[in-house]
């Protein structure tokens, strides 16, 4: 069975070689501790660097750091938070959600590389090879953490879409540790559902509860491709 249902995700119609990217919540958060937490100057600098990359205004950055220091999780990490606005890249490869507290989250697909996962939105798609879309890096990034994995997928007009070779699962967390695990959940589309690959993700947010955790992935059904969370 796929993960528990989430609110309907918005999607973009992308170019043939790109994914249709759904802008939806990808990680769930435990309740905030509401207790002040200690953040080092290095962690604060890391938060500002991430927020710069996501386009968060300087004044909002100060408020978000203060929110975390006060023991609260940013809206971008809360499963019940609804974005107040969303925007997409011209090529349909990424979506950026902005939340009421000014925090942001981006979801993207891009051609994979050998380096560390980027915290910036990608504007390039997967690579076509022998009928497959290969080296597709699926990623999520918010103001303190990011996670990604690489997968190949193949659409099918006959209802036999496929995913294969999940690899390079990674995460990074500016204010704590993180762990990921990724796998193919259903290799070939069938009557049971779409072809499906998923990454599970956990990040500690200093001393705020037990951090955030959840899952996101890719579904391929016929000629339709989407991200979910």
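Looking across the stretch 64-73 at every residue that is over 15 Å from residue 145 (Cα atoms) and surrounded by 14 or more Cβ atoms within 10 Å (Cβ to Cβ), the one that is modelled with the highest pLDDT is identified as 67. Taking each residue of the stretch 78-106 that is under 20 Å from residue 66 (Cβ atoms) and looking for partners that are modelled with pLDDT under 80 and buried (at least 23 other Cβ atoms within 10 Å of the Cβ) with beta-carbon atoms closer than 8 Å, six or more apart or interchain, yields 78/25; 78/29; 81/25; 105/26. Kindly indicate whether any position in the stretch 193-207 is surrounded by fewer than 16 Cβ atoms within 10 Å (Cβ to Cβ), touching a strand residue (DSSP E or B) at 6+ places or on another chain (Cβ under 7 Å), without any contact (Cβ under 8 Å) to a residue 40 or more places away in the chain and on the phi < 0 side of the Ramachandran plot. So far as the stretch 193-207 goes, no, none of its residues is surrounded by fewer than 16 Cβ atoms within 10 Å (Cβ to Cβ), touching a strand residue (DSSP E or B) at 6+ places or on another chain (Cβ under 7 Å), without any contact (Cβ under 8 Å) to a residue 40 or more places away in the chain and on the phi < 0 side of the Ramachandran plot.
Considering only residues that are within 18 Å of residue 172 (Cβ to Cβ) and either in contact (Cβ under 8 Å) with a residue 24 or more places away in the chain or crowded, with 18+ Cβ neighbours inside 10 Å (or both), which ones fall in the stretch 50-63?
First, the residues of the stretch 50-63 that are within 18 Å of residue 172 (Cβ to Cβ): 50-54, 56.
Of everything in the stretch 50-63, those that are within 18 Å of residue 172 (Cβ to Cβ) and either in contact (Cβ under 8 Å) with a residue 24 or more places away in the chain or crowded, with 18+ Cβ neighbours inside 10 Å (or both) turn out to be 50, 51, 53, 54, 56.
Within the stretch 167-178, identify whether any single residue is over 28 Å from residue 39 (Cα atoms) and part of a strand (DSSP E or B), and answer yes or no. Checking the stretch 167-178: at least one residue is over 28 Å from residue 39 (Cα atoms) and part of a strand (DSSP E or B).
Would the stretch 74-82 turn up any residue that is part of a helix (DSSP H, G or I), at pLDDT 90 or above and surrounded by 15 or more Cβ atoms within 10 Å (Cβ to Cβ)? Explain how you work it out, then say what you get.
Keep residues of the stretch 74-82 that are part of a helix (DSSP H, G or I), which gives 75-77.
Now narrow it down to the ones that are at pLDDT 90 or above: 75.
Subset that is surrounded by 15 or more Cβ atoms within 10 Å (Cβ to Cβ): 75.
Yes - at least one qualifying residue is present in the stretch 74-82.
Restricting attention to the stretch 133-166 and to residues that are buried (at least 24 other Cβ atoms within 10 Å of the Cβ) and outside any strand (DSSP E or B), the residue that is nearest to the chain's Cα centre (by Cα) turns out to be 142.
Residue-level check: of (1) more than 20 Å from residue 213 (Cα to Cα); (2) touching a helix residue (DSSP H, G or I) at 6+ places or on another chain (Cβ under 6 Å); (3) modelled with pLDDT of 75 or more, residue 99 misses just (1).
Determine whether the stretch 192-201 contains at least one residue that is outside any strand (DSSP E or B) and touching a helix residue (DSSP H, G or I) at 6+ places or on another chain (Cβ under 9 Å). Steps first, please.
Taking the stretch 192-201 as the starting set, the residues that turn out to be outside any strand (DSSP E or B) are 192, 194.
Checking the rest, the ones that are also touching a helix residue (DSSP H, G or I) at 6+ places or on another chain (Cβ under 9 Å) come to none.
Checking the stretch 192-201: not a single residue is outside any strand (DSSP E or B) and touching a helix residue (DSSP H, G or I) at 6+ places or on another chain (Cβ under 9 Å).
The values are calculated or read from the model by the stated rules, or taken from the named source; none is laboratory data. Keep in mind the model is a prediction, meaning the values are calculated, not measured. Using ideal geometry, Cβ is built from the backbone for each residue, glycine included, and neighbour counts are taken over all protein chains shown.
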